[in-house]
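Engineer: One structure follows; several queries about it will come next.
The values are calculated or read from the model by the stated rules, or taken from the named source; none is laboratory data. Every value quoted in this text rests on a predicted model; they were computed, and no experiment measured them. Methodologically, a virtual Cβ is constructed for each residue, glycine included, from the backbone with ideal geometry; neighbour enumeration extends over all protein chains shown. For the accessible areas, the whole protein counts, side chains as well, though only heavy atoms, and no ligand, DNA or RNA atoms are used. Shrake-Rupley method; radii C 1.70, N 1.55, O 1.52, S 1.80 Å.
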Amino acid sequence: MKVLIGLGAAAVIVASWLDGFDGKYFGRKAEVSLVEYAPGGAGPAPAGDGAVRGRVFVAKTGGSTVRPAKGLYGKTASRLSSGPSVDKRALVFVLFAPGKHPLPQSRPAMRQKNVTIVPRVLPVLIGTTVDFPNEDEIYHNIFSLSAVKSFDLGRYAKGVSKSVKFDRYGEVRVFCDIHSQMSGFVWVLQNPYFATTESDGSYRIAGLPAGTYDLVAWHENGGRKQQKITVQGTQETVVDFNF
């Protein structure tokens, strides 16, 4: 009987000892948070029920553009690109929203598909890791020379995916060094209140806490425009942009 009591007490001590360790090693502490937050902010962002919606009108433009390329042996160069028409959606985002914002639980992706970068415009919260999978039967080489995030993923085949963590704010222009018509934009933002427009130019951003914000619209053909908005409770604010 004394032996059984001794074994029981030892089991309790060991269980208590394990429970005191970090949950990432033992998975036993229920209070260990699984939420990761973007850098900055003094505490979790407040919840909100406000929304902003509208349309972005963009004048049709075309023609060739000069794009950067790594060139021979990795030296910077330029290349004229006049590939097939692409879906040039606008981006609308809140410039700054207080608080710490949770990172997405799943990674967004910029796919290489049909010799195109899809989506062409990808907004992400700062600190997000983006996957770049190749879904084509041919090799691609995704890279960027942007000051915000410079990287070169090298050549890789179908079924291979590489990733990049975006940890500075701003616009990152992405290209394929093999196919001059392939390009896209990663926009690294401070908060998750953003949306790319639908094919008709419409957008909607939901979940905004009450407050006053700077709302920005960006399009590759027209740069960016900014308006100040005020969100109150469950109110839906309507804001249009013209480029």
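Engineer: State all residues of region 114-147 that are crowded, with 20+ Cβ neighbours inside 10 Å, over 17 Å from the mean Cα position of the chain (by Cα) and of a type in the set (Phe, Trp, Tyr); if no residue qualifies, say none.
Structural biologist: None - no residue of region 114-147 is crowded, with 20+ Cβ neighbours inside 10 Å, over 17 Å from the mean Cα position of the chain (by Cα) and of a type in the set (Phe, Trp, Tyr), so the list stays empty.
Engineer: Pick from region 20-34 the residues that are open to solvent by 70 Å² or more (accessible area, probe 1.4 Å) and either assigned to a helix (DSSP H, G or I) or of a type outside the set (Asp, Glu) (or both): which of them is modelled with the highest pLDDT?
Structural biologist: Result: LEU34.
Engineer: Go through (1) under 30 Å from THR212 (Cα atoms); (2) within 17 Å of the chain's Cα centre (by Cα) for GLU198 and report which single condition fails.
Structural biologist: Failed condition: (2).
Engineer: Going by the conditions given, is ARG111 out of contact with any helix residue (DSSP H, G or I) (no Cβ under 9 Å at 6 or more places or on another chain) and surrounded by fewer than 15 Cβ atoms within 10 Å (Cβ to Cβ)?
Structural biologist: It is false that ARG111 is out of contact with any helix residue (DSSP H, G or I) (no Cβ under 9 Å at 6 or more places or on another chain) and surrounded by fewer than 15 Cβ atoms within 10 Å (Cβ to Cβ).
Engineer: While we're here: Can you tell me which condition ALA51 does not meet? The list is (1) at pLDDT below 60; (2) assigned to a strand (DSSP E or B); (3) open to solvent by less than 90 Å² (accessible area, probe 1.4 Å), and all the others hold.
Structural biologist: Against the list (1) at pLDDT below 60; (2) assigned to a strand (DSSP E or B); (3) open to solvent by less than 90 Å² (accessible area, probe 1.4 Å), ALA51 comes up short only on (1).
Engineer: Among the residues of region 150-173, how many are within 13 Å of ASP131 (Cα to Cα) and either small (Gly, Ala, Ser) or surrounded by 19 or more Cβ atoms within 10 Å (Cβ to Cβ) (or both)?
Structural biologist: Here the count works out to 6.
Engineer: While we're looking at this one, here's another question. Among (1) surrounded by 14 or more Cβ atoms within 10 Å (Cβ to Cβ); (2) farther than 17 Å from VAL121 by Cβ, which single condition is GLY201 missing?
Structural biologist: If we test GLY201 against (1) surrounded by 14 or more Cβ atoms within 10 Å (Cβ to Cβ); (2) farther than 17 Å from VAL121 by Cβ, just (2) comes out false.
Engineer: Here is a follow-up. Could you name every one of the strands (runs of 3 or more DSSP E) located completely within region 167-243 that has at least 2 residues being over 30 Å from TYR156 (Cα atoms)?
Structural biologist: 194-196, 202-208, 211-219, 223-231, 236-238
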